[in-house]
1. For segment 126-151, give me each residue that is in contact (Cβ under 8 Å) with a residue 40 or more places away in the chain, within 17 Å of Gly57 (Cβ to Cβ), in contact with a Leu (Cβ under 9 Å, 6 or more places away or on another chain) and not aliphatic (A, V, I, L, M).
2. Somewhere in segment 99-111, is a residue of a type outside the set (A, V, I, L, M), over 30 Å from Glu179 (Cβ atoms) and loosely packed, with under 13 Cβ neighbours inside 10 Å?
3. Checking the structure you have, find out if any residue of segment 87-96 is basic (Lys, Arg), outside the structural domain of Asp133 (by TED's automatic domain parsing) and surrounded by 14 or more Cβ atoms within 10 Å (Cβ to Cβ).
4. I'd like the full set of residues that are under 13 Å from Ser58 (Cβ atoms) and surrounded by 15 or more Cβ atoms within 10 Å (Cβ to Cβ), limited to segment 17-30.
5. Quick check on this structure: which one of Ala33, Ala67 is aliphatic (A, V, I, L, M), loosely packed, with under 13 Cβ neighbours inside 10 Å and in the same structural domain as Glu83 (by TED's automatic domain parsing)?
6. Among the numbered conditions (1) surrounded by fewer than 20 Cβ atoms within 10 Å (Cβ to Cβ); (2) touching a residue at least 40 places away in the same chain (Cβ under 8 Å), tell me where Ile61 comes up short.
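The values are calculated or read from the model by the stated rules, or taken from the named source; none is laboratory data. Just so it is clear, the structure is predicted and the values come from calculations on it, not from any experiment. Here the Cβ positions follow ideal geometry from the backbone for every residue, glycine too, while neighbour counts run over all protein chains shown.
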Amino acid sequence: MFIQTETTPNPATLKFLPGRTVLEHGTLDIRDANAAAKSPLAEKIFGIGNVDGVFFGSDFIAVSKTAGEWPQLKPLILGAIMEHFMSGEPLLKSGESTAAGDGEEFYDAADEETVRTIKDLIETRVRPAVANDGGDITFRGFKEGVVYLAMKGACSGCPSSTATLRHGIQNLLKHFVPEVVEVRPL
């Protein structure tokens, strides 16, 4: 098994590409060792130490570190990923799901058409680009011209996430949806 790695805009996060499907549907952002209990692979990665996030995408695993250097951590993470996939063990323990648990979306019913356009732009133009960087972004709400988004994986805590929101996503949404005045993380 050959696992490729890629850097992300977040220097504390490295993207691992095992060359096979990781998650069939959705994404899963695990931010602590307690939450890692739902996935045998996440438990192994958190067990390495100096890890504060594991993010599963469709075909990648993004790992965020708290301390240490990638040349020391990378081989240990590669070993855990390889061992997991070679064992044939499922990514999630029985009964667990990738349900995001982000809470309910919020917006005024009168803004339904605007929200539909915003969601479509996020799904077709923003999420694929963010996934390339080892993260995910989801719509959370729209109120008084402000779009609220949840950033996950490598995007969460990334030094360039503010620039991504302000200069990338905000400009895109404002261009296509005149009702949008600002984009904020939630």
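1. Scanning segment 126-151 gives a single hit, Gly134.
2. Checked against the condition, which is being of a type outside the set (A, V, I, L, M), over 30 Å from Glu179 (Cβ atoms) and loosely packed, with under 13 Cβ neighbours inside 10 Å, segment 99-111 yields no hits at all.
3. Looking for residues that are basic (Lys, Arg), outside the structural domain of Asp133 (by TED's automatic domain parsing) and surrounded by 14 or more Cβ atoms within 10 Å (Cβ to Cβ), one finds none in segment 87-96, hence no.
4. Leu17, Pro18, Val22, Leu23, Thr27, Leu28
5. Ala67
6. Single failed check for Ile61: (1).
Yes or no, residue by residue, for (1) touching a strand residue (DSSP E or B) at 6+ places or on another chain (Cβ under 8 Å); (2) of a type in the set (Asp, Glu); (3) under 15 Å from Leu172 (Cα atoms); (4) at pLDDT below 90:
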{"residue": "Asp120", "(1), (2), (3), (4)": "no, yes, yes, no"}
{"residue": "Val130", "(1), (2), (3), (4)": "yes, no, yes, yes"}
{"residue": "Gly134", "(1), (2), (3), (4)": "yes, no, no, yes"}
{"residue": "Ile137", "(1), (2), (3), (4)": "yes, no, yes, yes"}
{"residue": "Val147", "(1), (2), (3), (4)": "yes, no, yes, no"}
{"residue": "Met151", "(1), (2), (3), (4)": "yes, no, no, yes"}
{"residue": "Ser156", "(1), (2), (3), (4)": "yes, no, no, yes"}
{"residue": "Pro159", "(1), (2), (3), (4)": "no, no, no, yes"}
